[in-house]
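The values are calculated or read from the model by the stated rules, or taken from the named source; none is laboratory data. Computed from a predicted model, the values in this text were never measured in an experiment. Cβ sites come from the backbone with ideal geometry, for glycine too, and all protein chains shown count toward neighbours.
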Amino acid sequence: MESLRAKVFISCGQRGDTVEVKIASEIAQVLVGLGFEPYIASQENTLRGLKENIFSQLETSEYFLFVDFPREQFANCSEHRGSLFSHQELAIASYLDMRVIAFQQKGIKQLDGMAGAIQLNAIPFEKPEDLPEMVRKQVKKVGWRADWKNSLKIIRKPNEYDDAATIPVPNYMYARFYHLTVQNLNAFKIALNCYAYMEAIKDLQKDLNISFRTTELKWAGYTLPNAAIMPQSDRELDAVKIFHHSPQEVHFSSFSDSGYFMRPINGPGEFELDYVVISENFSPARIKTKLTIGSSLDDTNLVQM
């Protein structure tokens, strides 16, 4: 099951001949105790490693903890440069607009590297051993929360449906609507321009993929294809609908004015329906469902796989 704890990307030097590895582990334990999911970034020397580890972990993290340990001393002064890899990770975190807490050991050249470019107000420290407790206090001071994720999630509530009248053309026709619930797990950010689509339809009994053309699906009770979802809120999406007078014919509520795009599927039978929701400012969210079509409405159900 996907964790609902906020992830903290720990960008921290880890030279083997120093206490840095030990301090990074202690910081991670502090964060676990506060309810977070920590990730300690390790140095990657290949493009594949950067893409599969560092980039993907940054993209799925909610917070960024920057710890700048000193490296080589500058030739013309007593100051040291900071960690090259940590500054590179800081640059990516800045681009991703992540929430950042920064610590910098005394003796590092001020406003050096990416920290200077973004005017990072790093908290100075002298002894690395002080960092775990400093991290604990600062996380509480700035109000970091562990109970959210920077993502959308789609769920299917068991046995959920609504019986309602459709638009009166040419007259009122009652249908049973099965919905998906799209959740915004972010505590601060509105999910903008959310669109929903079918990704796949498969007849499970015949082991046959059913073809269709891409068209936007309809949000429940809403007449535009794109919707906003408020922080830590949700909206319902019309997954399928079945007219009462024709219980073995399942329709999709889409914004196409042609039945050629999303034809109804007919039962009895079992079908796999895959949905995706995309957003302007979130990664895509997906769900796989199974639709069982019986001989009557009461024999029909949609469940999450």
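Couple of notes before you dig in:
- If you check Tyr222, Tyr275 for being modelled with pLDDT under 95 and either assigned to a loop (DSSP other than H, G, I, E, B) or not assigned by TED's automatic domain parsing to the domain that holds Leu58 (or both), only one passes: Tyr222.
- Verdict on Pro264 being out of contact with any helix residue (DSSP H, G or I) (no Cβ under 9 Å at 6 or more places or on another chain), modelled with pLDDT under 95 and surrounded by 15 or more Cβ atoms within 10 Å (Cβ to Cβ): yes
- Subset of segment 237-250 [assigned to a strand (DSSP E or B) and either buried (at least 18 other Cβ atoms within 10 Å of the Cβ) or at pLDDT 95 or above (or both)]: Leu237, Asp238, Ala239, Val240, Lys241, Ile242, Val250
- Pairs where the first residue, in segment 22-40, is in contact (Cβ under 8 Å) with a residue 12 or more places away in the chain and closer than 10 Å to Lys7 by Cα and the second is among the hydroxyl-bearing types (Ser, Thr, Tyr) and not in a strand (DSSP E or B), C-beta under 7 Å, 6+ apart: Glu37/Ser3; Tyr39/Ser61
- Subset of segment 253-270 (residues that are touching a strand residue (DSSP E or B) at 6+ places or on another chain (Cβ under 6 Å) and either of a type in the set (Gly, Ala, Ser) or in a loop (DSSP other than H, G, I, E, B) (or both)): Ser253, Ser254, Met262, Pro264, Gly267, Pro268, Gly269
- There is no residue in segment 63-73 that is of a type in the set (D, E, K, R), under 29 Å from Ser151 (Cβ atoms), exposed (fewer than 14 other Cβ atoms within 10 Å of the Cβ) and modelled with pLDDT under 90.
- Test: residue in segment 199-219 that is touching a Leu at 6+ places or on another chain (Cβ under 7 Å), among the polar types (S, T, N, Q), over 21 Å from Asp299 (Cα atoms) and not in a loop (DSSP other than H, G, I, E, B): no
- Criterion: under 22 Å from the mean Cα position of the chain (by Cα), surrounded by 13 or more Cβ atoms within 10 Å (Cβ to Cβ) and under 30 Å from Gln104 (Cβ atoms) - qualifying residue of Arg136, Arg156, Arg145: Arg145
Residue-wise test of (1) in contact with a Leu (Cβ under 9 Å, 6 or more places away or on another chain); (2) among the β-branched types (Val, Ile, Thr); (3) modelled with pLDDT of 90 or more.
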{"residue": "Gly33", "(1), (2), (3)": "no, no, yes"}
{"residue": "Glu44", "(1), (2), (3)": "yes, no, no"}
{"residue": "Ser56", "(1), (2), (3)": "no, no, no"}
{"residue": "Ser94", "(1), (2), (3)": "yes, no, no"}
{"residue": "Phe103", "(1), (2), (3)": "yes, no, yes"}
{"residue": "Gln119", "(1), (2), (3)": "yes, no, no"}
{"residue": "Ile123", "(1), (2), (3)": "no, yes, yes"}
